[in-house]
Amino acid sequence: MRFNLENLVRENIKAMKPYSSARHEFSGTASVFMDANENPYGSALPDNFNRYPDPLQRQVKEKLSQIKRVPSQNIFLGNGSDEAIDLLIRIFCEPGRNNVLIFPPTYGMYEVCAHVNNVQVKEISLTPAFQLDMEAIEQSVDTGTKIIFICSPNNPTGNSIERNDIEIILNNFDGPVVLDEAYINYSSQRSFIPELTEYPNLIVMQTLSKAWGLAGLRLGMLFASPPVIDLLNKIKYPYNINTATQHLVLQALDKREWMNEHIATTVKERELLKENLSRLDFTLAVYPSDANFLLVKMQNANTIYNFLCSKGIIVRNRSNINLCEDCLRITIGTPEENQKLLTVLKEYKPK
């Protein structure tokens, strides 16, 4: 493997001078701040929101460093994982010239961010078993391929990608391999974060939106080598993570026992829901899942989706996606919500 970061980064990114905010230039302690044109009288809110947030989120990264057992200099925080996806494409891909590889059905924002940046998307469909088609990948990679995006556990299929296949790609692709582990907390599979020292082209994304229950705060985590982290910090907006989010995340990260209890409950409910959905006459398949949702193939899924909506139960209709025909993606709810879903489905009468 011949990963050379210097040769992969766009020339304009290497040459650019990043914006330097007041909080970048001074990060120590002081009693009087007269450098950032802030309102010195505070705000109508009870917290210190009149001051700009730490642009590098040092306290949050330090706590995450302890939890994830990775140095803080290997961590980038984004306004959701979507910001990190967009920044990576801007760092490595020349608009109108380069391409990225994705493996549908998969998370839709890889494609959206690439198109926004005028970067070609090469789609290599997963196999019917929802695994990587390694032969097709080898044939599709060309000199213009700059990033490979792999979602594992995958969304919307829920399964984990074979670890050996991911390692083969890491060992043979010269560019960044972005492994999206948004649902890793619900899986028995090991995270690839410990492998960062082995693979300089590995980039791992995780999130606080799922297992941590903080979707409304929009905080995504990215783990990579320090040079890649430096590039992301170079081109991100100065204050991409606001003060409220940083404060609330610090509080939430102290409640790991709460999170672990709810992960265990969700995994238990996932297996119970899978078993009960499998018993329905109109269920054709409930696919294996390492996530907090199930992909369920049903007879006339569109009709069932509309029926559930009429009863006030909203699931995700994935029937228009390749390999997911007649499939609904069902998030694991509370025991009461899961039971209500099953009760309503038992009322459904196939035509």
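Which angle between 0 and 90 degrees, to the nearest 10, do you get for helix 256-278 versus the longest principal axis of the chain when only C-alpha atoms count? Approximately 30 degrees, to the nearest 10. Highest mean packing comes first when the peptides 7-13, 174-180 are listed by Cβ atoms within 10 Å, giving 174-180, 7-13. The residues neighbouring residue 123, those whose beta-carbon lies less than 13 Å from its own, together hold a net charge of -1 under the Lys/Arg +1, Asp/Glu -1 convention.
For region 156-253, which trypsin sites (Lys or Arg not before Pro) pass both filters: DSSP loop (anything but H, G, I, E, B) and at most 16 other C-beta atoms within 10 Å?
Of the trypsin sites (Lys or Arg not before Pro), the ones in loops of region 156-253 whose Cβ has at most 16 other Cβ atoms within 10 Å are 190.
Per the Cα gyration tensor, the chain maps to an equivalent ellipsoid with semi-axes of 37, 28, 18 Å, ordered largest to smallest. Let me know the shape class of region 303-351, please: from the alpha-carbon gyration tensor, a ≥ b ≥ c as square roots of the eigenvalues, rounded when a/c is under 1.5, otherwise prolate if a/b is greater than b/c, or oblate. Oblate, since a/c reaches 1.5 and b/c is not below a/b.
Restriction of the GluC sites (Glu not before Pro) in region 287-347 to DSSP coil positions whose beta-carbon has at most 15 other beta-carbons within 10 angstrom yields 325.
Mean sequence separation of contacting Cα pairs (under 8 Å, at least six apart), scaled by the length of the chain, corresponds to a relative contact order of 17 percent. Just so you know, the Rg over Rh for region 257-347 is 0.96, from Cα atoms, with Rh as the Kirkwood radius. In this simple spin-label model, placing a label point 7 Å from the Cα along the Cα-to-Cβ direction at both residue 11 and residue 349 gives a separation of 7.1 nm. With respect to the chain, whose longest principal axis is taken over its alpha-carbon atoms, helix 301-310 is tilted by about 80°. Packing order of peptides 46-59, 309-322, highest average first: 46-59, 309-322 (average count of other Cβ atoms within 10 Å over each peptide's residues).
Sorted into 10 angstrom bins from 0, the C-alpha pair distances of region 222-264 split as 22, 31, 34, 13 percent. Evaluated at 10 °C with a viscosity of 1.306 mPa s, what Stokes-Einstein diffusion coefficient in µm²/s does region 70-206 have when Rh comes from the Kirkwood expression over alpha-carbon pairs? Once the numbers are plugged in, D ends up at 105 µm²/s. For residue 172 and residue 303, a Förster radius of 45 Å and the Cβ-Cβ distance give a FRET efficiency of 0.50, rounded to the nearest 0.05. Database note for the chain: Cys without another Cys beta carbon under 4.7 angstrom, 93, 113, 151, 309. Computed extension length for residue 34-residue 189: 50.8 nm, one decimal, from 0.36 nm per residue of separation with the Cα-Cα distance subtracted.
Every number in this text was worked out from the coordinates using simple rules, so none of it is lab data. Every value quoted in this text rests on a predicted model; they were computed, and no experiment measured them. Please note: Cβ atoms are built from the backbone with ideal geometry, for glycine as well, and neighbour counts cover all protein chains shown.
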